[in-house]
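Inspection log for the structure reproduced underneath, given as structure tokens.
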Amino acid sequence: MRNVSLFILYTSAGRLLLQHRTHDAPRLPAHWAFFGGGIEAGESSAEALKREVIEELSYHIQRPHFLLAQTVKHGEEESTKYVYVERYEDQPLRLGEGQAMGWFFPDETHALKMIDHDRAIIECVRQYLQEQSG
């Protein structure tokens, strides 16, 4: 397992942009997940984030906010997810990976096929957005 950088765009209304992975994806097929991907050797989490988001969304990150680092264990292996969020400012988006993308309020994600680790991240984003609006 390798470390990954993840990106969550959110709207002023509090919707989050998620990616619907393809049915033949090597990891988490047909799951809803975040945009982003693996951190290459010699690359920082922020550098990986910029590269992956351009590849997957054709989106140029403006002001990412580092939200959290989540450590995940698979047996003896351990990896870290570096999660960044940014408020969406109407830049065009083009899906470059996955079968679809969609905007969801955090409560709407309960019905989506997601892994528990990602649901925990959604909760952290919800808290962050509440703090920003409060």
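List of remarks:
- Dividing the mean sequence gap of close Cα pairs (under 8 Å, 6+ apart) by how many residues segment 4-133 holds gives a relative contact order of 32 percent.
- Within segment 61-93: backbone nitrogen closer than 18 Å to the Gln127 label point (7 Å, Cα to C-beta): 65-72, 81-86
- Virtual spin-label span in nm between Ser58 and Arg27, 7 Å along Cα→Cβ: 2.6
- Cross-link partners of Lys73 among lysines (Cα-Cα below 17 Å; sequence separation of 8 or more within a chain): Lys81
- Taking other Cβ atoms within 10 Å as a rough exposure proxy, Lys50, Lys73 sort from fewest to most as Lys73, Lys50.
- As a proxy for reagent exposure, ranking Ser5, Ser133 by other Cβ atoms within 10 Å from fewest up yields Ser133, Ser5.
- Backbone geometry of segment 64-72 corresponds, through the Karplus equation with coefficients 6.51, -1.76 and 1.60 at θ = phi - 60°, to 3J(HN,Hα) couplings of x, 10, 6, 9, 6, 10, 10, 8, 10 Hz, x marking Gly and Pro.
- Within the chain, helix-based [θ] at 222 nm, where runs of 4 or more DSSP H residues each add -39,500 (n - 2.57), nearest 500: -7500 deg cm²/dmol
- Counting DSSP beta bridges with both ends in the chain, the antiparallel % (nearest 5): 75
- Taking other Cβ atoms within 10 Å as a rough exposure proxy, Glu131, Glu52, Glu108 sort from fewest to most as Glu131, Glu108, Glu52.
- A crude spin-label estimate for the pair His110 and Ser12, with each label 7 Å from Cα along the Cβ direction, gives 2.9 nm.
Quick note: the coordinates plus some simple rules give every number you see, no bench work behind them. Everything quoted here is computed from the prediction, not taken from an experiment. When we count neighbours, we look across all protein chains shown, and the Cβ atoms used for this are built from the backbone with ideal geometry, even at glycine.
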